[in-house]
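The values are calculated or read from the model by the stated rules, or taken from the named source; none is laboratory data. This structure is a prediction, so every number in the text was calculated from the model and none was measured. We place every Cβ from the backbone using ideal geometry, glycine too, and count neighbours over all the protein chains shown.
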Amino acid sequence: MNLQINHSSSVPLHAQVEELLRKLIEQPKYQKGEFLPGEVDLAKQLGISRNTLRQATNKLEYEGLLVRKKGLGTKVAAQTVTTQLASWHSFTQEMNKKGIAFRNFLINTERVQCNEKIALFFNIPKKTEVVKLTRLRGDEKGPFVYFESYFHPRIGISANEDFSLPLYEILETKYKTPVALSQEKIKARLATEITAKRLKIKKGEPVLIRERFVSDPGNRPVEYNIGFYIAEKFTYSIEIRR
């Protein structure tokens, strides 16, 4: 790619550099993780100051397109899963909406006795038997999220369902249980040995834990879900209007 800008143009230099960088990071080698040209060399090649170059790279970093690795350089940020507070879906619906091809590395169901937290949410006795759904999901690069879902016994959901299909569509169409509310908690933790093994990362690497308490239109509990995400693969977006 020809790295040049027009110094005679009325378009500000930082805007030209920003547009140049947007095209540069689309090249396959940078999409695959290669570091961009060094800041000093790139500024010299373009005939601009490092401050002008940094103004453009800061903009792309703010947008989540670039990430700086201290002592190493700048590279294209890994694609992340972004979810919004105002609109929530099943994982399958989120991925389909964003055009992200995902894979199921594991789908498993079993009947288990619920713990105190789940029993309290479901308002049922502790150790009541419920259906537990376990899923390990990701993309062509490998898994990036591990889910556990537990369902209220009132629903009567079978452990033999095809859970590769969108979960909430199954609940609504087959079990006449639409979902209307998701109360969520998100916290950061260091990966335990078990979580690291599941997600194929190192023990102690950051993960985001996302709990969902899902209810139907009558505010009756439907599902308790907990997901463990590789931190750099997940962004939670909140839009607040005054």
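Odds and ends about this structure:
- Across the stretch 128-150, not a single residue is classified as in contact with a strand residue (DSSP E or B) (Cβ under 6 Å, 6 or more places away or on another chain) and assigned to a loop (DSSP other than H, G, I, E, B).
- Sole residue being outside any loop (DSSP other than H, G, I, E, B), in contact with a Phe, Trp or Tyr (Cβ under 6 Å, 6 or more places away or on another chain) and within 25 Å of Asn123 (Cα to Cα), chosen from Glu211, Glu169, Glu223: Glu223
- Those residues of the stretch 41-59 which are surrounded by 15 or more Cβ atoms within 10 Å (Cβ to Cβ) and basic (Lys, Arg), in sequence order: Arg54, Lys59
- In this structure, Ser158 does not qualify as in contact with a strand residue (DSSP E or B) (Cβ under 6 Å, 6 or more places away or on another chain) and either modelled with pLDDT under 95 or surrounded by 13 or more Cβ atoms within 10 Å (Cβ to Cβ) (or both).
- Scanning the stretch 23-49 for residues being in contact with a helix residue (DSSP H, G or I) (Cβ under 7 Å, 6 or more places away or on another chain) and within 16 Å of Pro12 (Cβ to Cβ) gives a total of 4.
- Consider the stretch 172-205 and keep the residues that are of a type in the set (Lys, Arg) and not in a helix (DSSP H, G or I). The one that is surrounded by the most Cβ atoms within 10 Å (Cβ to Cβ) is Lys200.
- Single residue of Glu34, Glu26 found to be within 28 Å of the chain's Cα centre (by Cα) and without any contact (Cβ under 8 Å) to a residue 40 or more places away in the chain: Glu26
- Yes/no for Gly138 being at pLDDT 85 or above and either under 13 Å from the mean Cα position of the chain (by Cα) or outside the structural domain of Arg154 (by TED's automatic domain parsing) (or both): yes
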